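Report on the structure given below.
The values are calculated or read from the model by the stated rules, or taken from the named source; none is laboratory data. As the structure is a computational prediction, the values presented were derived from the model and not from experiment. When we count neighbours, we look across all protein chains shown, and the Cβ atoms used for this are built from the backbone with ideal geometry, even at glycine.
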Amino acid sequence: MALTSLIAKKFISSKKNSKFFSFISFISILGIALGVGVVIISLTILDGFEAVVSEKIVNFQSHIYVNSFGDKNLPESKKIEDFIKSTCGSSFGSITPIISKLGIIRSKRGSEGITITGIPAGYNPGIGQYVKKGNFDLNDTTSVIIGKKLAEKLSISVGERITLFSLKKDAIPSLANPPAIEQFYVKGIYSSGMAEYDDRNIFINIKAAKEFFEMQDQISGYNIRLNDISKIDTVANHLTADLHYPYYTRTIYQMHSAIFTWIDLQKKPIPLILTLIILVAVFNIVGTLLMFVLEKTSEIGILKTLGMKRKSIIKIFLYNGLYISFIGIAIGNGAALILSLIQQKFNIITLPDTVYFLSSVPISIKLFNYVLVSSLAFILSFAASILPSYIAAKIKPISAIRFE
């Protein structure tokens with residue numbers, strides 16, 4: 001072990017006249033730990049929001065949605081499907097024709113406005129994992145899957161009969177064109193935790209939807225999934241350029257821009273918050289080391305009298321500053337990881353899903369966040385240790401011995 005490291009260790013572990021210094025060191029360590037921990041948890045929660053919201057939106061729709069301008073019906077075309085596949089290239093995952101129309105659901109307890117989505121019987125857009133009662137089975141053309149919020153609002157249970165109302169042929173009802181009215185049986189009830197979706201989206205078999213809306217060989221659009229979501233903008237741009245009128249291409253980020261913009265806005269203040277919190281801890285380190293220099297003035301004088309160079313004195317106090325920052329950063333990382341794992345497993349902190357789209361605080365643990373925050377905290381702490389170290393190195397041996 002180098003002499004400077006050994007002396008620094010002795011200084012840190014010394015109990016003589018160090019109670020006040022130990023208290024100040026504790027405050028400095030606590031400040032760094034709180035700063036690092038709070039920022040890491042903030043980034044973890046924001047990443048969790050983005051990941052969970054994206055996943056649930058994709059489960060309800062897809063990465064890319066191709067419909068028509070003005071939401072008019074499109075002809076169901078195998079040629080168009082093949083063209084979309086070739087345009088997506090190696091990023092292509094799947095393509096599914098869907099029908100999506102507004103309607104009204106009515107039970108014995110009331111009625112609500114909803115979005116009726118018709119999907120192929122064998123297609124599960126990911127909502128199946130959220131089914132809490134019954135099952136996600138649309139093989140029967142009289143089956144319907146509804147959200148938990150909607151079921152609670154209308155007091156609907158699995159197996160119960162409900163009535164759907166909507167327009168036929170997208171035309172105003174008349175004697176020649178009466179409204180679409182048909183009864184269905186609730187096959188399953190899902191709960192995604194996103195009240196906005198659970199309260200207004202129901203799913204039926206696409207064949208039943210075509211008969212219900214009298215659309216024959218028409219659809220509302222195509223849900224496209226990619227096997228690499230990082231290519232979503234590139235693929236969407238290609239589809240926009242290659243698919244001409246009346247086809248209209250949008251990504252989930254464009255369709256739900258308000259949600260993703262809100263998440264991005266939450267991330268922007270994080271660097272400023274990190275800087276402010278760490279600066280407070282930095283001032284604590286400066287104060288702590290200055291008090292340490294004051295306490296060890298006589299020892300500095302003795303070391304200089306014995307021939308220790310200024311460079312070595314600087315190293316000793318730098319080691320002390322780095323020791324304080326390292327302990328604080330380690331505690332902050334550990335606390336952030338433990339709290340994140342607890343929330344991830346037990347969902348202790350809940351949220352009003354009508355406001356935040358989710359029923360509990362989401363967590364996405366990423367090594368990058370820990371490394372980034374810890375690195376910045378360590379660099380700032382190291383910079384804060386330099387000034388007190390230079391002050392210690394400038395102390396004259398005679399003045400230091402007289403100080404004692």
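Could you tell me which residue of the stretch 111-149 is nearest to P179 (Cα to Cα), considering only residues that are among the acidic types (D, E) and part of a loop (DSSP other than H, G, I, E, B)? Steps first, please.
Going through the stretch 111-149, the residues among the acidic types (D, E) turn out to be 112, 137, 140.
From the residues that got through so far, the ones that are part of a loop (DSSP other than H, G, I, E, B) too are 137, 140.
On the way: D137: 27, D140: 23 Å.
My answer is D140.
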Here the residues within the stretch 226-241 that are within 25 Å of the chain's Cα centre (by Cα) and under 11 Å from I84 (Cα atoms) are V235, A236
Matching entry among I206, I259, I202, I181 (being under 23 Å from the mean Cα position of the chain (by Cα) and of a type in the set (V, I, T)): I259
Residues of the stretch 62-110 being assigned by TED's automatic domain parsing to the domain that holds I206, in a strand (DSSP E or B) and among the hydroxyl-bearing types (S, T, Y), which ones? S94, T96, S100, S107
So, in the stretch 62-89, of the ones that are without any contact (Cβ under 8 Å) to a residue 40 or more places away in the chain and among the polar types (S, T, N, Q), which residue ends up nearest to K169 (Cα to Cα)? S77
Filter the stretch 107-161 down to the residues that are surrounded by 20 or more Cβ atoms within 10 Å (Cβ to Cβ), more than 18 Å from G193 (Cβ to Cβ) and β-branched (V, I, T) and list them by number. I114, I116, T117, I119, V144, I156
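Residue check: is I342 out of contact with any helix residue (DSSP H, G or I) (no Cβ under 6 Å at 6 or more places or on another chain), part of a helix (DSSP H, G or I), at pLDDT below 80 and over 26 Å from S25 (Cβ atoms)? Full working, then the answer.
Working: out of contact with any helix residue (DSSP H, G or I) (no Cβ under 6 Å at 6 or more places or on another chain): yes; part of a helix (DSSP H, G or I): yes; at pLDDT below 80: no; over 26 Å from S25 (Cβ atoms): yes.
Criteria not met by I342.
Would you check which residues across the stretch 157-178 are under 41 Å from the mean Cα position of the chain (by Cα) and within 22 Å of S100 (Cα to Cα) and list them? Give the derivation first.
Filtering the stretch 157-178 down to residues under 41 Å from the mean Cα position of the chain (by Cα) leaves 157-170.
Answer for the stretch 157-178, where residues must be under 41 Å from the mean Cα position of the chain (by Cα) and within 22 Å of S100 (Cα to Cα): R161, I162, T163, L164, F165, S166, L167, K168, K169, D170.
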Which condition from (1) closer than 14 Å to I84 by Cβ; (2) not in a helix (DSSP H, G or I) is the one that L175 breaks? (1)
So which helices (runs of 4 or more DSSP H) stay within the stretch 185-291 end to end and still have 2 or more residues that are charged (D, E, K, R) and within 25 Å of V361 (Cα to Cα)? 195-198, 257-267
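A quick yes/no check of all residues on (1) among the aromatic types (F, W, Y); (2) within 30 Å of Y370 (Cα to Cα); (3) in contact (Cβ under 8 Å) with a residue 12 or more places away in the chain; (4) surrounded by 14 or more Cβ atoms within 10 Å (Cβ to Cβ):
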site: F184; (1), (2), (3), (4): yes, no, yes, yes
site: N201; (1), (2), (3), (4): no, no, yes, yes
site: D217; (1), (2), (3), (4): no, no, yes, no
site: Y222; (1), (2), (3), (4): yes, no, yes, yes
site: L239; (1), (2), (3), (4): no, no, yes, yes
